[in-house]
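Worksheet: the structure to be examined is printed underneath.
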Amino acid sequence: MKTHPLYPLTFRPQYRDALWGGEAIATRYNRANTPRPCSESWEISALPGAESIVTNGPFEGVGLARLTEVFGRDLLGAKARDPGRFPLLVKILDAADRLSVQVHPDAATAQALGGLAKHEMWFVLEASPDARVWAGVRPGADLTQRSEAPLVAHPVVPGDVLDIPPGLAHAAGPKCLIYEVQTPSDTTFRLHDWGRDRPIQPEAARAALRPDLRAETLHAPRTARELVPRLTTPDFAFATLRLDRERTLHTTGQSLMILFCASGKTTLEHDGPHPLTLLPGDSVLVPPSQTIYLHPLAPTRLLVTTL
């Protein structure tokens, strides 16, 4: 497989149909093959049973986990903690209704209770005028209440960012379309699910909970800079990039780069053949030590994730 050099990779999305989903992923991004309702689009994943498959170039049809196994740090970058494990999972969430009130474990809690540690962040793509998320618990709150009363509400607007470290109780929606970046784990403990008939794990959730954690909504800056760093954590970094002109981007040997087109249209040329055209909803994984050339065909906003 190493007879071909790495290049910017696109993948086939994978969909989930939890009952809180809606129609936004299908309608906003012109996707005809989504379930109805569609709650999640897993854009880039190497989790077993949910592995992304390449859709372009010489590696078309190859799974992301297999590419990681073969290329290691040449695909991930020097900052990756484990060169044999893809370090991120990227999703779009359509919270037409409320998500469950949930907690993700840290490494110690995951080892004790099972599963894998999980750290995530949300970028609000779209939101109704009254949209909000819940993150963090009120001091002294009674967590046996199956309502929003124990939680801190955060009104959100498009462009807001919310960091969700392990141990933070949280829920999203309704009426939010969210871009989610997380560590590669599907471990979730539900405190409650608003009375819906789905399994909950309140004891495990309370064991994973860190009630001292306080969440902050990071609003988009009012400055008109092109590249705006929005969040840096030990697990990933996130920025937004506004394209009104041609731009060259370089990935160093330290990290891969994941681009998501939030709005607009741009071509992406690179040192290999077959340039890409990115439309709203498109994702691309750019390996380390690459140079890409972006030529916007309309004002474009890209979301940029690195390690």
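Every number in this text was worked out from the coordinates using simple rules, so none of it is lab data. Since the structure is predicted, the reported quantities are computational estimates derived from the model, not experimental observations. With ideal geometry, Cβ positions are generated from the backbone for all residues, glycine too; neighbour counts draw on all protein chains shown.
Observations, loosely collected:
- Ordering His170, His4, His270 from the fewest to the most neighbouring beta carbons within 10 Å gives His4, His270, His170.
- Gain in span if fully extended, Ala239 to Arg225, counting 0.36 nm per residue against the direct Cα distance: 3.9 nm
- Relative contact order (percent, whole number), the chain, Cα cutoff 8 Å, 6+ residue spacing: 18 percent
- Kirkwood Rh (inverse of mean 1/r, distinct Cα pairs), region 227-306, angstrom: 12.7 Å
- A full extension of the chain between Thr55 and Arg12 corresponds to an added length of 14.9 nm, given 0.36 nm per residue minus the alpha carbon distance.
- With a simple spin-label model that places each label point 7 Å from the Cα along the Cα-to-Cβ direction, the separation between Leu297 and Leu19 comes to 4.2 nm.
- Projecting the Cα atoms of Gly22, Ala112, Pro48 onto the dipole axis of region 1-140, where Lys and Arg carry +1 and Asp and Glu carry -1 at the beta carbon, places Ala112 farthest toward the positive end.
- Length available on full extension from Arg198 to Asp106: 0.36 nm per residue minus the Cα-Cα distance, which gives 30.8 nm.
- In region 203-282, the trypsin sites (Lys or Arg not before Pro) that fall in loop regions by DSSP, at most 13 other Cβ within 10 Å: Arg214, Arg222, Arg225, Arg245
- Counting other Cβ atoms within 10 Å as a rough exposure proxy, the listed residues Glu43, Glu216 run Glu216, Glu43 from fewest neighbours to most.
- Least to most buried among Cys261, Cys176 (fewest other Cβ within 10 Å first): Cys261, Cys176
- Taking label points 7 Å from Cα along the Cα-to-Cβ direction, Glu126 and Arg146 give a separation of 3.2 nm.
- Each eigenvalue of the Cα gyration tensor of the chain, multiplied by 5 and square-rooted, gives one semi-axis; in descending order these are 32, 22, 18 Å.
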